[in-house]
Amino acid sequence: MKVGDRTRSAMVTVVDSNSVEVLYDGIYSDDEEEEGIAIMESALVSLETFEYSNEDFGVEELRKQGAILAKMRDFGAGIRILEKASRKISGVVSVGANIVLVDMTFDDRGVMQDPMMGTIGTIEEDMSSIELMIDEDLVVPLKDKAMVPVPCHGSQSLVLISICSEIAKFALKIEPCIPAITVKYTAVIIAICNCILSKQEHIDWDDGMTDGRRIVDILFNATVLKSRAHILQSRLKQASIDIKRAVMLKPADAGARQMVSPQLSCVPDSPLVFTG
C-alpha cells in the first residue's frame, strides 16, 4: 500500500464503497500495530507475487526481491526478505556453528560491548547461555544479546556481509528509522571483518580468499554506518568511539571525519564534530 512516496505492507480488514480499512503489522516499525486505518482504494497496490509465494527461493533470488521492495520504498518488507536470505546462507544456531553475539545494551558510560565471534561449544537446554570458543572458552549468557550464525566458508561469509549491509541501510530508511537494527547488523559485519584481519580460524578461506584492503574498506563503511545509528539513538559516547575507530582505519581519508558531520551538526556542543 502506498503511503506518501513509500510503500508499506498491510492487511485489508474492511472493504467500503471506495475505501478500505487496513491493519499494519508494525514488525519493522517503531509503531505499534495499527488497526482500522481508513485508506482510499486508489492507494492500494497488490503484493508482489513472491511476497505470498510458498516457493523456497535461493539466497540470490531473495536478495533480488529485497532490492525490488527497496525500489518500492517498502524497506520493512525488504528487511524481512533479506533476513530470510541471511538465515538461509548462515544455517541454524547449533553446536559447532560459528556465531556473532551482539550485546544490545549500554553500560553506565553509554558504551556497548564489542561484538564477539566464535564457535559454539555447548548450548544450555533452555537457551539461557552458550559456551563460546574464541581464544579461550567463555560461558556467555544470552539475555539482551542478538545472535547471528556465520558460514564457515569465506565466500559465503562475504555474501552474508553484503546482506547485513543492505539490511543495516534499509533500517535507516524506514520511517521512522530503526537504528537498533542497523547497530545489530553493522556489529556483525565488524566482527566478521575483525576475524578475517586477525586471521582467526573460524572461517575457511580456501574457497574465498580476499584482499585485505577490501576488508578494511568494508570495516570502515560498517563502522561509519554504526556511528550514525548511535547518533540517532543519542548514544554519542559510543558514536564517538566508532568515529575514532573509523579514522584509525583510514587516517589519511578526510571523509572519515566528514562523512558523519551532517548527522552531528544538530547536536549542541558535540565533541564529535570533525572539520577535516
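The values are calculated or read from the model by the stated rules, or taken from the named source; none is laboratory data. It should be emphasised that the depicted structure is a prediction, and the values quoted were computed from it without experimental measurement. So basically every Cβ, Gly included, is an ideal-geometry build from the backbone, and we count neighbours across all protein chains shown.
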Practice item. Just name the residue that is surrounded by the fewest Cβ atoms within 10 Å (Cβ to Cβ) out of those in the range 150-164 that are of a type outside the set (S, T, N, Q) and assigned to a helix (DSSP H, G or I). Key: GLY154
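For every residue, the table says whether it meets (1) at pLDDT below 85; (2) of a type in the set (Asp, Glu).
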{"site": "ALA97", "(1), (2)": "no, no"}
{"site": "LEU101", "(1), (2)": "no, no"}
{"site": "ASP108", "(1), (2)": "no, yes"}
{"site": "VAL111", "(1), (2)": "no, no"}
{"site": "PRO115", "(1), (2)": "no, no"}
{"site": "THR119", "(1), (2)": "no, no"}
{"site": "GLU124", "(1), (2)": "no, yes"}
{"site": "GLU131", "(1), (2)": "no, yes"}
{"site": "ASP135", "(1), (2)": "yes, yes"}
Practice item. Go through the residues of the range 188-196 one by one and say whether even a single one is crowded, with 19+ Cβ neighbours inside 10 Å, touching a Leu at 6+ places or on another chain (Cβ under 7 Å), aliphatic (A, V, I, L, M) and modelled with pLDDT of 95 or more. Key: yes
Practice item. State which residue pairs qualify: first residue more than 16 Å from PRO179 (Cα to Cα) and inside the range 204-227, second residue of a type in the set (Lys, Arg) and modelled with pLDDT of 70 or more in any location, beta carbons under 6 Å apart, and separation of 6 or more residues or different chains. Key: PHE220/LYS250
Review point. For the range 165-181, does any single residue satisfy the condition of being closer than 22 Å to VAL92 by Cα and in contact with a strand residue (DSSP E or B) (Cβ under 9 Å, 6 or more places away or on another chain)?
Key: no
Check your understanding: For the range 47-61, does any single residue satisfy the condition of being small (Gly, Ala, Ser), outside the structural domain of LEU172 (by TED's automatic domain parsing) and in contact (Cβ under 8 Å) with a residue 40 or more places away in the chain?
Key -> no
Point to revise | Condition broken by ALA77, with the remaining ones in (1) in contact with a strand residue (DSSP E or B) (Cβ under 9 Å, 6 or more places away or on another chain); (2) free of Cβ contacts under 8 Å to residues at least 12 places away in the same chain satisfied | key: (2)
Check your understanding: Considering the range 165-178 alone, what residues qualify as being in a helix (DSSP H, G or I) and surrounded by fewer than 24 Cβ atoms within 10 Å (Cβ to Cβ)?
Key -> SER165, GLU166, LYS169
Review point. Just wondering, is there one or more residues in the range 97-118 that are part of a loop (DSSP other than H, G, I, E, B), of a type in the set (S, T, N, Q), touching a Leu at 6+ places or on another chain (Cβ under 8 Å) and surrounded by fewer than 21 Cβ atoms within 10 Å (Cβ to Cβ)?
Key: no
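Keeping to the range 135-147, report how many residues are part of a loop (DSSP other than H, G, I, E, B) and closer than 20 Å to THR186 by Cβ.
The total comes to 1.
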